[in-house]
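Visitor: Can you keep this structure in mind? I'll have questions shortly.
The values are calculated or read from the model by the stated rules, or taken from the named source; none is laboratory data. Bear in mind that the values here come from a model prediction, so they are computed numbers and not experimental data. Neighbour counts run over all protein chains shown; Cβ positions are idealised from the backbone, glycine included.
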Amino acid sequence: MEEFGNYLLETDGFLGQGAFGLVERVKVYNKSKTHCTLFAKKSFKPEPNFDSELIGELKQRFKREIKSQSLCKHNNVVPIYLHNLSIEEPWFVMELADISLQEELEQNALNKKQKLSALLMILEGIKYIHNKGLIHRDIKPLNMLKFTDGSYKISDFGLVKNLEQDSLLKTQFGTVMGTSKYLAPEISNGSTEYTILSDIYAIGVVIDDLNLGNEVNFIIDKCMHRRPNARYKNVQEIINDLNSLPGENND
């Protein structure tokens, strides 16, 4: 059991592993152990084959992830409650989700109305992130999480970019970052920097994933236009068009 400030943290299970992050379920107790709540804890644990210079830059990105996500206090962004940046393997504690949107789509668990509701919640979160001067750069259903109250929240700020700062890792990796299916064409060919419009492209792919019917094809097409300047200029424009769609039944 790990002591941190006025809390005690106890690992309660494995949730996932990435190239430089380990996610576990943890029990967080008060000092007297009279109250316990389950959370998710993400720790910096890079793969052993990374060289020391890259590990140093990855750690800086991990810290940026924590700082950026901590700044985003919105109902549709996964909140961070505790974090420790001062140790060799920094970590943070965030709200524990029930399931990802990706898993729900794979299980065919949502009807059309539920998909649209989930999408609108996630878009509110992304709009807030953009308004904070951040680009998410890894928008996909796997990073859209559902919680016990039925809300959906955007997560995983591991590739976040502050519009006022330079990217740390592009030259080290020698390639673009993100999931190929959701990468805008101008990013895939390396001809330009990430912008809000590259996040807009990824949103279009997500809407296509949701299979909401032909009536949203014009929204998908505009989000995914090959020319960035022909896309929606911001997330609110997408929300407006989604809200203008004719009412649908629950099937």
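Visitor: Filter the strands (runs of 3 or more DSSP E) completely within the range 1-56 down to those with at least 1 residues that are in contact with a Pro (Cβ under 7 Å, 6 or more places away or on another chain).
Guide: Ranges flagged: 36-44.
Visitor: Now a separate question. On the given criteria, is ASP51 acidic (Asp, Glu), surrounded by fewer than 18 Cβ atoms within 10 Å (Cβ to Cβ) and free of Cβ contacts under 8 Å to residues at least 24 places away in the same chain?
Guide: Against the criterion (acidic (Asp, Glu), surrounded by fewer than 18 Cβ atoms within 10 Å (Cβ to Cβ) and free of Cβ contacts under 8 Å to residues at least 24 places away in the same chain), ASP51 qualifies.
Visitor: Also, quick follow-up: Consider only pairs whose beta carbons are under 9 Å apart and that are at least six residues apart or on different chains; among these, list those whose first residue lies in the range 191-213 and is aromatic (Phe, Trp, Tyr) and whose second residue is assigned to a helix (DSSP H, G or I).
Guide: That search, which allows pairs on different chains as well, returns TYR194/ILE187; TYR201/TYR182; TYR201/PRO185; TYR201/GLU186; TYR201/ILE187; TYR201/CYS223; TYR201/PRO228.
Visitor: Pick out the one residue from ASN108, ASN84, ASN49, ASN76 that is on the phi > 0 side of the Ramachandran plot and either modelled with pLDDT of 95 or more or not hydrophobic (A, V, I, L, M, F, W, C) (or both).
Guide: Testing whether each residue is on the phi > 0 side of the Ramachandran plot and either modelled with pLDDT of 95 or more or not hydrophobic (A, V, I, L, M, F, W, C) (or both) leaves just ASN108.
Visitor: Quick one: how many residues across the range 210-233 are touching a Lys or Arg at 6+ places or on another chain (Cβ under 9 Å) and crowded, with 17+ Cβ neighbours inside 10 Å?
Guide: 7
Visitor: Within the range 193-221, can you find the residues that are under 17 Å from HIS130 (Cβ atoms) and more than 18 Å from the chain's Cα centre (by Cα)?
Guide: The one that is under 17 Å from HIS130 (Cβ atoms) and more than 18 Å from the chain's Cα centre (by Cα): GLU193.
Visitor: Can I ask one more? From the list ALA109, ALA97, which residue is small (Gly, Ala, Ser) and surrounded by 14 or more Cβ atoms within 10 Å (Cβ to Cβ)?
Guide: It is ALA97.
Visitor: Still on this structure, I have one more. Just wondering, is there one or more residues in the range 188-206 that are surrounded by 20 or more Cβ atoms within 10 Å (Cβ to Cβ) and modelled with pLDDT under 95?
Guide: Within the range 188-206, one or more residues are surrounded by 20 or more Cβ atoms within 10 Å (Cβ to Cβ) and modelled with pLDDT under 95.
Visitor: Which members of the range 113-167 meet the condition of being of a type in the set (D, E, K, R), over 22 Å from SER188 (Cβ atoms) and not in a helix (DSSP H, G or I)?
Guide: LYS132, LYS146, ASP149, LYS153, GLU164
Visitor: Okay, moving on. So in the range 54-72, with the set limited to residues that are of a type in the set (Gly, Ala, Ser) and either within 22 Å of the chain's Cα centre (by Cα) or crowded, with 20+ Cβ neighbours inside 10 Å (or both), which one is farthest from VAL160 (Cα to Cα)?
Guide: Taking the candidates together, the pick is SER70.
Visitor: Considering only the range 60-75, I want to know if a residue exists there that is within 28 Å of TYR152 (Cβ to Cβ) and assigned to a strand (DSSP E or B).
Guide: So far as the range 60-75 goes, no, none of its residues is within 28 Å of TYR152 (Cβ to Cβ) and assigned to a strand (DSSP E or B).
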